[in-house]
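Contents: one structure, followed by commentary.
The values are calculated or read from the model by the stated rules, or taken from the named source; none is laboratory data. Computed from a predicted model, the values in this text were never measured in an experiment. Don't worry about glycine lacking a Cβ; one is built from the backbone with ideal geometry, like all the others, and counts go over all protein chains shown.
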2 protein chains.
Amino acid sequence: MQIAFLLYPGFTALDAVGPFDTLGPLPGAEAVLVAERRGPVRNDSGSLSLVAEASLAEVTAPDIVVVPGGPDPSGPMAPGPVREWLQEVDRTTTWTTSVCTGSLVLAAAGLLTGRRATCHWLNLDRLAAFGVEATGERVVTDGKYVTAAGVSSGIDMGLTLAGRIAGDRVAQSIQLLIEYDPQPPYDAGSPEKAPADLVAEWRAVDLAQMLTPQGD
Amino acid sequence: MQIAFLLYPGFTALDAVGPFDTLGPLPGAEAVLVAERRGPVRNDSGSLSLVAEASLAEVTAPDIVVVPGGPDPSGPMAPGPVREWLQEVDRTTTWTTSVCTGSLVLAAAGLLTGRRATCHWLNLDRLAAFGVEATGERVVTDGKYVTAAGVSSGIDMGLTLAGRIAGDRVAQSIQLLIEYDPQPPYDAGSPEKAPADLVAEWRAVDLAQMLTPQGD
């Protein structure tokens, strides 16, 4: 069972690593970090690089694809090699998944049209514009498409999918081993729960512009 | 405010990336991934590499140090450059922190002696053996030492520390932007909550031996 984690410049590290450390431990799983070219791929802040160990051309039939998001996913959303690769491998995946604005990347490739899916709370409108039934739910499964809301929700997505693939007991083992017993010090993790003025403030900000990577 | 994330072969990716994406966005923060030598550092499963952008010698006075754990942290626990670096930089840090078995690394360097600290639930006895008051709490602050329990608890640690450093509102913003509104599909994230037989099973396993990295 090959699990391909797609990397592209500007991805959010936790989007990729949450599912990596919840799906990667599945029995028989082979995790592979893949990008247009092999080598280091820089994240949204510009201060972290994950290494793609395979190019798109080297990963032709993954069983599972995980697409992380980022503040500005316009690169992988545009026509080009990443979009073509997603369309191609999606034909034979068992599961096609995303975290955060990764669902915009899937939607731009036409893979979510007419389906229910979720996204980072700041981007639900953009998702809907692709003809997707955009929900604010944390993890949405529609057929073989599993999408997660913002950044940290990739952990919940990974555990949910782990349970579907390998059963509750294996998924519970993974949860126990990563000690996922969340105790956030605040209750501000969703636009419904965070202080209203804070939510309004962030709705007015252009995150993609604010986070200027330090270059490559 | 320089935040140094220590990497070493066999680290757990989520241990490092949880704090990275919660502390990294702090105003004025400069995140740097550091290892004995610059270059890719392989994780516990062997299928992921994060790039160290600086060597230990290049990071001499970080304000914050974050030490991730791994199933077998015996490398950074042993006498050698990493331990010496930790002892050296700890003299001037504002905060010295760890996730998971990263607290064993701090303890082996003598930095937690006589202090309260936490660790991955499977390793609390090992932590106590270093003369540490080992608690099962998720995040423990004792002076400038902030330790987190297993793997995913680094997110809670990061948000807790973000609040201490920059105030509640900034920490809540970070929580909102990473949409940290956890909804695990199971309630098995701690040894108290997981099925008892599952907990017993994992207590009987040598994780360090089970997870054999695929080499470098």
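One table, with the values for the structure above:
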item	result
The one condition in (1) modelled with pLDDT of 95 or more; (2) within 7 Å of chain B (Cβ to nearest Cβ) that A:Ile165 fails to fulfil	(2)
Flag for B:Glu53 being modelled with pLDDT of 95 or more, at negative phi, touching a strand residue (DSSP E or B) at 6+ places or on another chain (Cβ under 8 Å) and within 11 Å of another protein chain (Cβ to nearest Cβ)	yes
Failed item in (1) within 10 Å of chain A (Cβ to nearest Cβ); (2) modelled with pLDDT of 95 or more; (3) over 18 Å from B:Thr97 (Cα atoms), with B:Leu207 passing the rest	(2)
Selection count where residues are within 9 Å of chain A (Cβ to nearest Cβ) and touching a helix residue (DSSP H, G or I) at 6+ places or on another chain (Cβ under 6 Å), scope the range B:1-14	3
Residue ID - farthest from the other protein chains (Cβ to nearest Cβ), chosen from residues in the range A:170-187 that are part of a loop (DSSP other than H, G, I, E, B) and of a type outside the set (Ser, Thr, Tyr)	A:Asp187
Condition check for A:Gly158: assigned to a loop (DSSP other than H, G, I, E, B) and under 15 Å from the mean Cα position of the chain (by Cα)	no
Residue in the range B:29-42 that is more than 7 Å from chain A (Cβ to nearest Cβ) and under 21 Å from A:Ile155 (Cβ atoms) present	no
Hits in the range A:72-110 (condition: surrounded by fewer than 24 Cβ atoms within 10 Å (Cβ to Cβ), part of a loop (DSSP other than H, G, I, E, B) and not small (Gly, Ala, Ser))	A:Asp72, A:Pro79, A:Arg91, A:Thr92, A:Thr93, A:Thr94
Flag if B:Ser190 is within 11 Å of chain A (Cβ to nearest Cβ), touching a residue at least 60 places away in the same chain (Cβ under 8 Å) and in contact with a Phe, Trp or Tyr (Cβ under 6 Å, 6 or more places away or on another chain)	no
Residue satisfying condition, being closer than 24 Å to A:His120 by Cα, of a type in the set (A, V, I, L, M) and within 7 Å of another protein chain (Cβ to nearest Cβ), within set A:Val146, A:Val151	A:Val151
Criterion: crowded, with 20+ Cβ neighbours inside 10 Å and among the small types (Gly, Ala, Ser) - qualifying residue of B:Ala13, B:Ala61	B:Ala13
